[in-house]
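The values are calculated or read from the model by the stated rules, or taken from the named source; none is laboratory data. Not measured: the values here are computed from a predicted model. Don't worry about glycine lacking a Cβ; one is built from the backbone with ideal geometry, like all the others, and counts go over all protein chains shown. These accessible areas exclude ligands, DNA and RNA; they are computed on the full protein's heavy atoms, side chains included. Shrake-Rupley method; radii C 1.70, N 1.55, O 1.52, S 1.80 Å.
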Amino acid sequence: MIEIDISRARSFVKERAYNDSYEKAKQAFEQVKQRNGAGSEWLGWRTLLSDPNDAILEQLDSLATAIREDADVFIVCGIGGSYLGARAVIDALSPFFGTDGPEILYAGNQMSGQYLDELIGYLEEPNAEGESKSVYLNVISKSGTTLETALSFRILRNWMEDRFDDISERIVCTTSEEGGALNELIKKHGFPKFIIPDDVGGRFSVLTPVGLLPIAVAGIDIRSLFYEAVSKFEALEEDPEPVLEYAAVKHALYEQGKAIDLFTTFEPQLNALSGWLQQLLGESEGKENQGMFPAKATYSTDLHSLGQFVQEGPRNMMETFIQVDSMNEQVEVQAEDEDHDGLNYLEGRSFHDINSRALEGTLQAHHEGGVPCVVLTLDKLNAQHIGEFIYLYELLTAVYCYCLDVNPFNQPGVEFYKKEMYQLLGKQ
Ligand code: PA5
């Protein structure tokens, strides 16, 4: 169960402005539902949930089980919407250190030669048993032509070809049904393939094989994740009020001149989830000179770098706190006979309790400092709640973008850097 508390944001908005935005949000939700808004041919992320395909979950599960049994390392090769969702869920639900399955590594999301060189060096080191590492790779690219991903894949594929004689079982491709260079390679090598539905854009694709295969290989229960998203979909179709209110307050704050929405969490394993949100909102709303810049911070670490700015910098920001109610309570402060470090006053209190008080204090301070704050509370960190969270934000993004009157599902601006880069690289 996720609670959304907008009270500390709504207090910054005049009743009339809120009501106007709320009316917009209501119409926007109808546009999503009736499929008559801009980009409505990209609403497949809803169809996935209204009409679940359990056979695909089954296939993903069984392939992931086989990979988990044999792999030391599983490489997720993709960029943007083709990896951020998987990484968000895997980081949120995996231990900080070690794993009971393959180590999940990432490639194809930048073009650092140093990274690739070190990655291959690491893959060539023996595993804990002193044997050659067993490496599997999932290349994920809807277009099949994204340079960062395609380049890294070429290098890693060649390395795997030299190393293993069964690469057609070690490399799995996730791409569009047809077209793109990846489909040519699939034809040539016979790599197993999962399809990214045409009507689902990259940043809305975490609940397709794009996200679900790596998540399953990480040992996370994809059925719980997926079907909780289905339940959230059904609940919000029935009663969209929480999303309408959230979209309304966010839109009213935008109209009031707020230029930044800072997503913050006190749980470091949610850092990548904020990264997923950053892309989901950033690529969806930042167009036609509109939108709030989605920034992210991990507290309390970043309170010691960005906290000053948030507290006393320009009042052009709202903040969205993502908190988790119940976390590890095992680590407690013990009293010492001589209280040299002066910490005995915390005796018997868990780190989670102390961290939660830090969150409460920060929320209060930022709110009093003039920052409108929305608070999202997950009662636990598990696959169900993350599934719920994913659909909640997908719908919020669509509704809020329609309030801004922008198409949430395209990203024309991303093409500009590619055009310049390809010209400099001499691509015909
Ligand atoms: O959200 C998006 O559409 C983008 O972030 C894409 O996912 C990203 O550019 C990668 O594209 P592709 O999957 O075609 O390699």
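Would you mind listing the helices (runs of 4 or more DSSP H) fully within region 345-428 where at least 2 residues are more than 23 Å from the chain's Cα centre (by Cα)?
On the way: elements: 351-368, 383-404, 414-425.
Helices (runs of 4 or more DSSP H) meeting the threshold: 351-368, 414-425.
Looking at Arg157, Arg163, which is the one that is basic (Lys, Arg) and away from the ligand (no atom under 16 Å from the Cβ)?
Arg163
Out of everything in region 308-333 that is without any contact (Cβ under 8 Å) to a residue 40 or more places away in the chain and acidic (Asp, Glu), what residue ends up being farthest from Ser356 (Cα to Cα)?
Glu332
Does Gln110 fit the bill of being part of a helix (DSSP H, G or I), open to solvent by 30 Å² or more (accessible area, probe 1.4 Å) and closer than 27 Å to Asn271 by Cα?
no
Of everything in region 49-61 that's in a helix (DSSP H, G or I) and open to solvent by 40 Å² or more (accessible area, probe 1.4 Å), which residue is nearest to the ligand (Cβ to nearest atom)?
Among residues in region 49-61 that are in a helix (DSSP H, G or I) and open to solvent by 40 Å² or more (accessible area, probe 1.4 Å), the one nearest to the ligand (Cβ to nearest atom) is Ile56.
Does at least one position in region 167-190 carry a residue that is touching a His at 6+ places or on another chain (Cβ under 8 Å), among the hydroxyl-bearing types (Ser, Thr, Tyr) and either more than 12 Å from the ligand (Cβ to nearest atom) or in contact (Cβ under 8 Å) with a residue 40 or more places away in the chain (or both)?
Among the residues of region 167-190, at least one is touching a His at 6+ places or on another chain (Cβ under 8 Å), among the hydroxyl-bearing types (Ser, Thr, Tyr) and either more than 12 Å from the ligand (Cβ to nearest atom) or in contact (Cβ under 8 Å) with a residue 40 or more places away in the chain (or both), which makes the answer yes.
Restricting to region 1-40, give me the number of residues that are part of a loop (DSSP other than H, G, I, E, B), surrounded by fewer than 14 Cβ atoms within 10 Å (Cβ to Cβ) and not polar (S, T, N, Q).
Of the residues in region 1-40, 3 are part of a loop (DSSP other than H, G, I, E, B), surrounded by fewer than 14 Cβ atoms within 10 Å (Cβ to Cβ) and not polar (S, T, N, Q).
If Val331 meets every condition in (1) open to solvent by 40 Å² or more (accessible area, probe 1.4 Å); (2) at pLDDT 95 or above apart from one, which number is that one?
Among (1) open to solvent by 40 Å² or more (accessible area, probe 1.4 Å); (2) at pLDDT 95 or above, Val331 violates only (2).
Which condition does Asp162 not pass, out of (1) acidic (Asp, Glu); (2) more than 29 Å from Pro197 (Cβ to Cβ); (3) surrounded by 13 or more Cβ atoms within 10 Å (Cβ to Cβ), if it passes all the others?
Asp162 satisfies all of (1) acidic (Asp, Glu); (2) more than 29 Å from Pro197 (Cβ to Cβ); (3) surrounded by 13 or more Cβ atoms within 10 Å (Cβ to Cβ) except (3).
With the checklist (1) surrounded by fewer than 20 Cβ atoms within 10 Å (Cβ to Cβ); (2) touching a residue at least 40 places away in the same chain (Cβ under 8 Å); (3) over 21 Å from Ala64 (Cβ atoms) in hand, flag the one item Thr145 doesn't pass.
Thr145 satisfies all of (1) surrounded by fewer than 20 Cβ atoms within 10 Å (Cβ to Cβ); (2) touching a residue at least 40 places away in the same chain (Cβ under 8 Å); (3) over 21 Å from Ala64 (Cβ atoms) except (2).
Please find, within region 123-142, the residue that is surrounded by the fewest Cβ atoms within 10 Å (Cβ to Cβ) out of those that are polar (S, T, N, Q) and more than 16 Å from the ligand (Cβ to nearest atom).
Per the criteria, the residue is Asn127.
Are there any pairs, at least 6 apart or on different chains, whose C-beta atoms fall under 6 Å, with the first in region 100-120 and at positive phi and the second of a type in the set (S, T, N, Q), and if so, which?
Note: pairs meeting the criteria are Gly108/Thr149; Gly108/Ser152.
If you check Glu394, Glu388, which single one turns out to be in contact with a strand residue (DSSP E or B) (Cβ under 8 Å, 6 or more places away or on another chain), open to solvent by less than 40 Å² (accessible area, probe 1.4 Å) and under 24 Å from Leu281 (Cβ atoms)?
One residue alone meets the criteria, Glu388.
Residues in region 294-306: is at least one part of a strand (DSSP E or B), buried (at least 18 other Cβ atoms within 10 Å of the Cβ) and of a type in the set (Phe, Trp, Tyr)?
No - not one qualifying residue is present in region 294-306.
Grab the helices (runs of 4 or more DSSP H) fully contained in region 170-289, keeping just those with 3 or more residues being open to solvent by less than 10 Å² (accessible area, probe 1.4 Å) and aliphatic (A, V, I, L, M).
209-217, 222-238, 241-255, 271-285
Just give me the residues in region 96-122 being closer than 17 Å to Cys77 by Cβ, away from the ligand (no atom under 16 Å from the Cβ) and of a type in the set (Ser, Thr, Tyr), in sequence order.
Ser112, Tyr115, Tyr122
Residue under question is Ala235, and the condition is that it be among the aliphatic types (A, V, I, L, M), closer than 30 Å to Glu15 by Cβ, out of contact with any Pro (no Cβ under 6 Å at 6 or more places or on another chain) and without any contact (Cβ under 8 Å) to a residue 24 or more places away in the chain; does it hold?
Judged against the criteria, Ala235 is a match.
Quick test for you: out of Glu267, Glu241, Glu288, Glu312, pick the one residue that is modelled with pLDDT under 95 and not small (Gly, Ala, Ser). Quick ask: steps written out before the conclusion?
Details: Glu267 fails: modelled with pLDDT under 95; Glu241 fails: modelled with pLDDT under 95; Glu312 fails: modelled with pLDDT under 95.
Answer to the check: Glu288.
May I ask you to say which residue of Ala88, Ala64, Ala71 is within 16 Å of the ligand (Cβ to nearest atom), over 19 Å from Pro197 (Cβ atoms) and at pLDDT 95 or above? Show your work before the answer.
Numbers: Ala64 fails: within 16 Å of the ligand (Cβ to nearest atom); Ala71 fails: within 16 Å of the ligand (Cβ to nearest atom).
Checking each option against the conditions leaves just Ala88.
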